[in-house]
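Remarks on the structure that follows.
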Amino acid sequence: MLSFFAAMLPTELSHNLLAVNAAIIYNLHKSKRPVLSEWVGSIAALVQCVVMVRLAKMYRDNISTKHVIRDAMHTSDAPSDIVQRIGEISWRQWLAVFLPVPQPVGLSLAFPGVSKVQTVTFAHVGKNKTTPLLMDVYKHPDTPSNAPIVLYIHGGAWVMSTRETPPLPCIYQMAARGWVVCVFDYQKSPKIAFPEHLIDAKRAIAYLRRNAREKFDANPDFIVVGGESAGGHLASLMALTAADKSLQPGFEKVDTSVRGCIDTYGVHDFKDRHGVYFYKDKDHIFVRFIELLVMQKKMSDADEDWERASPVGWLREDRAGELPAVIPPFLVSHGTLDTLVPFGSSQVFFEQLQLYRQRAQQGPVGGVSDVFLEIPGAHHAFNYVLSPRAIAHGQAVVAFLENLYAKTKDLPLPGEADLVPAQIEALADTKMPTTGTIPSTARL
């Protein structure tokens, strides 16, 4: 964990660290102390210069990420003029990036008006002593009536963190653009085992279906799910399991389908069948962690349960009958230098998703394509810090959401049981081309 922070913070705060290092050298020079005249001081100064060169490169890479994101978004069907503006940063946002202020102050400066407007209890869980599950609601005062919703699932390896610690830069960006963003708590392992985490997420959907219009002036029929890391795992499962009513104990009649999925450096395969974690760790540490704390059962004794806990498992050819009639559009993002969840996790999942759509002859849903954002030079949790890279990524998320809303807001819910074939065809363009090949890593 310490190595993760040591890797992530310099890449996202390189601009601040560069300024600090420059200030140190300047003050030493100005003070005219004989520190640099000694051989030890000279070596230290040389090391300091090397560090500054490295930080300058990190900052350059951080800023240039916008070009890679634009290129990826241009392959989607989002309006080109909006895509071209990804990475443009206002003067208020530049101030928030560079000023050494606490993040809440920086966020208020960068995205004025956005705030947490409510905290509500959306469910009570537990058998003997019930525990309330809470949800925070973020809005901008100019948010229109009946606004669309993003239901956001925080990460934390299924065992830690809370609704109060999501990637706030992205949360604020979505809310600033008129989305009602709801971030909620769910039960954590080892007190509970999977799929209780996912069931709690579906409880949050059920609460919004019943209460969003009255309590938040939001549209309960247009909910997009999002999450990062463990939250990305749960978000992708939310999008894939709307037809599985066993994951809705006591509220089976509620439609828990979603309009889209924002999956950011998510975990996609508990079984690690493609070896992306084994390649990183040269050991089965990840599988043992899942076995001991999250699933609380051995993979060899409960292979089917492990399969159902893995988003890639739901995309297998023999499971097609268990999926919703239409899988909503995905925006999948992952940093290439992620040391906690390997980049290959999202890469393989996205390839599997495209392979499934080819087999099912399911084209862009409502004219909205899936998008994969490969974030070069980014580590795990890169979007937790207000940096040029995080802002550009948040702008891409917003562009995807706005394109999705514009094109699908008048379509029926994907999970409605009484959809007729014509409605299904309207949701999923069945004219997807079948030419071309799927990368070998996507084959099961």
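Numerical summary
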item	result
Test: Leu353 is touching a His at 6+ places or on another chain (Cβ under 8 Å), among the aliphatic types (A, V, I, L, M) and either under 30 Å from Val287 (Cβ atoms) or at pLDDT below 95 (or both)	no
Candidates Gly227, Gly232 - the one that is touching a Gly at 6+ places or on another chain (Cβ under 8 Å) and closer than 17 Å to Val137 by Cα	Gly227
Answer residue from segment 105-122, given it is buried (at least 21 other Cβ atoms within 10 Å of the Cβ) and of a type in the set (A, V, I, L, M) and is farthest from Leu340 (Cα to Cα) among those	Val114
Residue list for segment 374-386, filter: touching a Pro at 6+ places or on another chain (Cβ under 8 Å) and surrounded by 24 or more Cβ atoms within 10 Å (Cβ to Cβ)	Asn383, Leu386
Index of the failed condition, Thr336 passing every other in (1) polar (S, T, N, Q); (2) at pLDDT below 95; (3) within 23 Å of Ala157 (Cβ to Cβ)	(2)
Among the residues listed as Val267, Val332, Val276, Val258, the single one being more than 23 Å from Ala378 (Cα to Cα), touching a residue at least 12 places away in the same chain (Cβ under 8 Å) and among the β-branched types (Val, Ile, Thr)	Val258
Any chance Arg203 is farther than 29 Å from Ala396 by Cβ and either touching a residue at least 40 places away in the same chain (Cβ under 8 Å) or not polar (S, T, N, Q) (or both)	yes
Lys57, sole failed condition from (1) modelled with pLDDT of 95 or more; (2) more than 23 Å from the chain's Cα centre (by Cα); (3) charged (D, E, K, R)	(1)
Qualifying residues in segment 253-308 (those that are part of a helix (DSSP H, G or I) and hydroxyl-bearing (Ser, Thr, Tyr)) - the one modelled with the highest pLDDT	Tyr277
Per-region count, segment 55-85, residues surrounded by 15 or more Cβ atoms within 10 Å (Cβ to Cβ) and over 25 Å from Leu18 (Cα atoms)	8
Residues located in segment 9-27, provided they are among the hydroxyl-bearing types (Ser, Thr, Tyr) and at pLDDT below 85	Tyr26
Any hit, segment 314-328, residues being in contact with a Leu (Cβ under 8 Å, 6 or more places away or on another chain) and part of a helix (DSSP H, G or I)	yes
Residue that is surrounded by the most Cβ atoms within 10 Å (Cβ to Cβ), among those in segment 285-334 that are polar (S, T, N, Q) and under 20 Å from the mean Cα position of the chain (by Cα)	Ser333
Some residue of segment 317-334 being within 30 Å of Val101 (Cα to Cα) and not aromatic (Phe, Trp, Tyr)	yes
Positions within segment 238-255 being charged (D, E, K, R), free of Cβ contacts under 8 Å to residues at least 40 places away in the same chain and either under 13 Å from Ile199 (Cβ atoms) or crowded, with 24+ Cβ neighbours inside 10 Å (or both), in sequence order	Lys245, Glu252
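Residues checked against (1) in a helix (DSSP H, G or I); (2) farther than 16 Å from Glu228 by Cα:
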position: Gly344; (1), (2): yes, no
position: Gln352; (1), (2): yes, yes
position: Gly363; (1), (2): no, yes
position: Glu402; (1), (2): yes, yes
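Residues are listed down the side, and each one gets a yes or a no for (1) more than 21 Å from Phe382 (Cα to Cα); (2) aliphatic (A, V, I, L, M):
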position	(1), (2)
Tyr152	no, no
Ala157	no, yes
Thr162	no, no
Ala175	no, yes
Gln187	yes, no
His197	yes, no
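The values are calculated or read from the model by the stated rules, or taken from the named source; none is laboratory data. Keep in mind that this is a model prediction, so the values were computed, not measured. No Cβ is skipped: glycine too gets one built from the backbone with ideal geometry, and neighbour counts run over all protein chains shown.
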